[in-house]
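Student: My structure is below; once you've seen it, I'll send some questions.
The values are calculated or read from the model by the stated rules, or taken from the named source; none is laboratory data. These numbers come from a predicted model, not from an experiment. Methodologically, a virtual Cβ is constructed for each residue, glycine included, from the backbone with ideal geometry; neighbour enumeration extends over all protein chains shown. Side chains included, ligands, DNA and RNA excluded: accessible areas come from the protein's heavy atoms. Shrake-Rupley method; radii C 1.70, N 1.55, O 1.52, S 1.80 Å.
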Amino acid sequence: QVQLVESGGGSVQAGGSLRLSCAASGRTFINYGVGWFRQAPGKERDFVAAINWIGGGTYYADSVEGRFTISRDNSKNTVYLQMNSLKPDDTAVYYCAAAPLGLGVKTVYEYDYWGQGTQVTVSS
């Protein structure tokens with residue numbers, strides 16, 4: 001089992017920045033690819049970014065490419081999502097998820113473990 005806890009959400013104005021954290025406990029976190037997803041009210045849960053379990057490869061949705069950066073610190077069992085130039089369309093609940101030996105994992109169904117989510121609200 002892997003337990004994931006997101007933090008860092010909040011309310012910002014358009015153009016602002018936030019950094020989300022996903023802290024893991026339980027099994028060795030280093031063996032998991034980690035992804036960030038978001039879900040707005042009445043919409044599906046969408047892929048935002050992912051980082052491989054090895055090699056540091058990263059992947060982004062087109063809508064956040066160039067504005068968001070995913071990174072991981074395995075010594076702290078934590079994955080981060082730095083979000084810059086935020087837009088009102090980025091408003092959603094953000095979830096992190098873990099996939100064993102995950103490489104370029106972008107679909108909800110490939111992730112085994114999920115956090116409880118953290119709200120991000122961007123006002124215009």
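Student: Spot the failing condition for residue 27; the list is (1) at pLDDT 95 or above; (2) of a type in the set (D, E, K, R); (3) touching a strand residue (DSSP E or B) at 6+ places or on another chain (Cβ under 6 Å), and only one is missed.
Tutor: If we test residue 27 against (1) at pLDDT 95 or above; (2) of a type in the set (D, E, K, R); (3) touching a strand residue (DSSP E or B) at 6+ places or on another chain (Cβ under 6 Å), just (1) comes out false.
Student: Here's something else I'd like to know. Can you confirm whether the range 55-65 contains a residue that is crowded, with 22+ Cβ neighbours inside 10 Å, outside any strand (DSSP E or B) and on the phi < 0 side of the Ramachandran plot?
Tutor: Yes, the range 55-65 contains at least one residue that is crowded, with 22+ Cβ neighbours inside 10 Å, outside any strand (DSSP E or B) and on the phi < 0 side of the Ramachandran plot.
Student: Residue 14 - would you say it is surrounded by fewer than 19 Cβ atoms within 10 Å (Cβ to Cβ) and at pLDDT 95 or above?
Tutor: On the way: surrounded by fewer than 19 Cβ atoms within 10 Å (Cβ to Cβ): yes; at pLDDT 95 or above: yes.
Criteria met by residue 14.
Student: Go through the range 82-124 and report how many residues are of a type in the set (Val, Ile, Thr), buried (at least 17 other Cβ atoms within 10 Å of the Cβ) and more than 20 Å from residue 7 (Cα to Cα).
Tutor: Result for the range 82-124: 1.
Student: Sticking with this structure for a sec: Of all residues in the range 21-48, which are open to solvent by 70 Å² or more (accessible area, probe 1.4 Å), not hydroxyl-bearing (Ser, Thr, Tyr) and not in a helix (DSSP H, G or I)?
Tutor: Residues satisfying the conditions are 27, 41, 42, 43, 44, 45, 46.
Student: OK, next. When the residues of the range 82-124 are narrowed to those that are of a type in the set (Phe, Trp, Tyr) and in a strand (DSSP E or B), which ends up farthest from residue 24 (Cα to Cα)?
Tutor: So the first thing to find is which residues in the range 82-124 are of a type in the set (Phe, Trp, Tyr), and the list is 94-95, 109, 111, 113-114.
Then drop every residue that is not in a strand (DSSP E or B), which leaves 94-95, 113-114.
Details: 94: 16, 95: 13, 113: 10, 114: 10 Å.
Top of the filtered list is 94.
Student: What number goes with the only condition from (1) under 23 Å from residue 1 (Cβ atoms); (2) in a strand (DSSP E or B); (3) open to solvent by 50 Å² or more (accessible area, probe 1.4 Å) that residue 79 does not pass?
Tutor: Of (1) under 23 Å from residue 1 (Cβ atoms); (2) in a strand (DSSP E or B); (3) open to solvent by 50 Å² or more (accessible area, probe 1.4 Å), only one is false for residue 79: (3).
Student: Check residue 71 against each of (1) part of a strand (DSSP E or B); (2) of a type outside the set (Lys, Arg); (3) touching a residue at least 24 places away in the same chain (Cβ under 8 Å) and name the one condition it does not meet.
Tutor: Only one criterion is unmet by residue 71, namely (3).
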